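Heads up, the thing below is written out as C-alpha cells.
Each reported figure results from applying straightforward, stated rules to the coordinates on display, with no laboratory input. Treat the numbers as computed from the prediction; the structure is a model and nothing was measured. Virtual Cβ from ideal backbone geometry, glycine too; neighbours counted across all protein chains shown.
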Amino acid sequence: MLVVGALPGALQGKAAHKHIALARNPVRDGIAELLEYAKQAKMPLAIEPLHPMYAADRACINTMEQALDVCDELDPRRTGALGVAVDVYHVWWDPKLEQQVARAGKDRLLAFHVCDWMTPTTDLLNDRGMMGDGVIDIPRIRGWVEAQGFAGYSEVEIFSTGNWWQRPHEEVLDTCIARHKSAV
C-alpha cells in the first residue's frame, strides 16, 4: 500500500508551497523509483487515494483517477506491478468512482478496504464506523470492484478510538464478521 506524501512540510505545519498539483511530481517520481525495486521483488504496489481532507498533509493523490493516471504513466503495459487500493472510506464520495473502477480493471485492482463514514464524524482519522453504521453504499462499490474480476479479500479498517477500540475484542470481531456478511 502506498499512502503518498502531500505538500512538503505541511505535516509539520509549515508547507513549503501551496501548489498541490506540483506536489504530485515528486510522489510520481518516488513511485517510479520504488517500482523498479518492487518488480525485482515481485511485490505489486497499490496506490491508495486518500480523501481530499488529507490532501494538504498526508496524500496529494485523492481520487482513483489521479492514482490511475500515475499507474498508466509508470506502467503503461499493465504488468501487474502497479495498481490501486479501493478504500471505501476515502473514495465513496467520488462521482467518477464507478467509471474509474472500470478503468482500473482486474489487473489494477489490488486491494479493497471497508468501513463506514459516520455522520457526524467526530475525528476524521479515528471515527470510522462499522460497516452498515454510516452512509457508504458498500455493497454497490463492492459490486463494481467484483464486476471487474477482483476476487481478493475485503480488508476491514475500523479506526475508532472513541467507539470500537473501547469494546471487548471478541465483540468487535464478532460484529466485523456479522457486518461483513450483511453490509459488505
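Results, tabulated for the structure shown:
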| quantity | calculated |
| --- | --- |
| Complete set of residues in segment 23-74 that are acidic (D, E) and closer than 25 Å to N126 by Cβ | E48, D57 |
| Some residue of segment 96-107 being assigned to a strand (DSSP E or B) and either among the charged types (D, E, K, R) or out of contact with any Pro (no Cβ under 6 Å at 6 or more places or on another chain) (or both) | no |
| A111, sole failed condition from (1) among the small types (G, A, S); (2) in contact (Cβ under 8 Å) with a residue 60 or more places away in the chain; (3) part of a loop (DSSP other than H, G, I, E, B) | (3) |
| Single unsatisfied condition, L124 versus (1) of a type in the set (A, V, I, L, M); (2) free of Cβ contacts under 8 Å to residues at least 24 places away in the same chain; (3) outside any helix (DSSP H, G or I) | (2) |
| Matching residues, segment 127-159, being part of a helix (DSSP H, G or I) and among the acidic types (D, E) | E146 |
| Matching residues in segment 95-143 - criterion: being crowded, with 19+ Cβ neighbours inside 10 Å, more than 23 Å from V172 (Cβ to Cβ) and touching a helix residue (DSSP H, G or I) at 6+ places or on another chain (Cβ under 7 Å) | L97, Q100, V101, A104, R108, L109 |
| Residues of segment 2-30 that turn out to be surrounded by 11 or more Cβ atoms within 10 Å (Cβ to Cβ) and either touching a Leu at 6+ places or on another chain (Cβ under 6 Å) or on the phi > 0 side of the Ramachandran plot (or both), as a count | 4 |
